[in-house]
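Novice: Sharing a structure, written as structure tokens. Questions coming.
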Amino acid sequence: DNAIVEHMRATEIIPIYSKAFANLGADYVRKGMFDDAIAMSKKAIKINAENASAYNTLGASYFSKDMFDEAIEAYRMALTINPNYSGAHLNLGSVYLSAGMIDEGISACEKSIKLNPDIPEAHSNLGIAFMNKDMLDAYKETEKVITDADILKLEEDFTTCVKRFKYYFPNQKMPKQF
């Protein structure tokens, strides 16, 4: 791919050109070459530890490999360097949501939207986060309502139903779902 060739050429011309290594890492992410993206991002960071874009790309690489803790750490580093990096907030929110950290995901998406309200993915992720939070809250409420005694009563009722079925229909087999 031409972008990879040109970014590699830039690193050959200036071997300490952090931005070229970060861009090469981003190219590798787009190609699904996540191990190469991690290597190039780390090289960019080694050259310039203040390269927020390289940390963001490193986070994207880890996230694509389901390495959530590492992705979170990389995105947080990008945001330490540049707290106004809306893309890093968005990406951090995505990782949080994938890791089941809904409240953190909501917060990160809201920060991304505050910084750049025109990113549709941030609004979409925030909507998904609120939907997941509503479902989780509903589940927690259900958990509070159903007690162990309720479960035991349901089991007793079920056992009674099975016994009655067998009594009234001795020649019938139980339905498969039971």
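The values are calculated or read from the model by the stated rules, or taken from the named source; none is laboratory data. A quick note: this is a predicted structure, and the numbers were derived from the prediction, not measured. With ideal geometry, Cβ positions are generated from the backbone for all residues, glycine too; neighbour counts draw on all protein chains shown. Quick note on the areas: whole protein, heavy atoms, side chains included, nothing else; ligands and nucleic acids left out. Shrake-Rupley method; radii C 1.70, N 1.55, O 1.52, S 1.80 Å.
Novice: Could you give me the residue pairs with C-beta distances under 6 Å whose first residue belongs to segment 114-129 and is farther than 13 Å from residue 94 by Cβ, whose second residue is crowded, with 17+ Cβ neighbours inside 10 Å and hydroxyl-bearing (Ser, Thr, Tyr) wherever it lies, and which are 6+ apart or on separate chains?
Specialist: As it stands, the answer is 115/86; 116/86, since those pairs meet every condition given.
Novice: Pick from segment 1-35 the residues that are open to solvent by 70 Å² or more (accessible area, probe 1.4 Å) and under 27 Å from the mean Cα position of the chain (by Cα): which of them is farthest from residue 68 (Cα to Cα)? Break it down stepwise before answering.
Specialist: Taking segment 1-35 as the starting set, the residues that turn out to be open to solvent by 70 Å² or more (accessible area, probe 1.4 Å) are 1-2, 5-6, 8-9, 12-17, 19, 30-31, 33, 35.
Subset that is under 27 Å from the mean Cα position of the chain (by Cα): 19, 30-31, 33, 35.
Values: 19: 25, 30: 19, 31: 20, 33: 18, 35: 15 Å.
Here the residue is 19.
Novice: Something else now. Got at least one residue in segment 85-99 being among the hydrophobic types (A, V, I, L, M, F, W, C), open to solvent by 30 Å² or more (accessible area, probe 1.4 Å) and either within 15 Å of residue 25 (Cα to Cα) or touching a residue at least 40 places away in the same chain (Cβ under 8 Å) (or both)?
Specialist: no
Novice: So, of the residues in segment 40-58 that are of a type in the set (A, V, I, L, M, F, W, C) and open to solvent by 50 Å² or more (accessible area, probe 1.4 Å), which turns out to be nearest to residue 84 (Cα to Cα)? Even if it seems obvious, please write down each step before you answer.
Specialist: Pass one, segment 40-58, residues of a type in the set (A, V, I, L, M, F, W, C): 40, 44-45, 47, 49, 52, 54, 58.
Right, trim to open to solvent by 50 Å² or more (accessible area, probe 1.4 Å) and you get 47, 49.
On the way: 47: 22, 49: 17 Å.
Applying the filter and picking the extreme gives 49.
Novice: Here is a follow-up. Where in segment 1-94 are there helices (runs of 4 or more DSSP H), lying fully within it, with 2 or more residues that are within 26 Å of residue 107 (Cα to Cα)?
Specialist: Values: elements: 2-13, 18-31, 34-47, 52-64, 68-81.
Where helices (runs of 4 or more DSSP H) fall fully within segment 1-94 and carry at least 2 residues being within 26 Å of residue 107 (Cα to Cα), they are 18-31, 52-64, 68-81.
Novice: What pairs come up if the first residue lies in segment 8-21 and is within 16 Å of residue 48 (Cα to Cα) and of a type in the set (A, V, I, L, M, F, W, C), the second is outside any loop (DSSP other than H, G, I, E, B) and open to solvent by 80 Å² or more (accessible area, probe 1.4 Å), and their beta carbons are under 8 Å apart, counting only those six or more places apart or on different chains?
Specialist: 21/43
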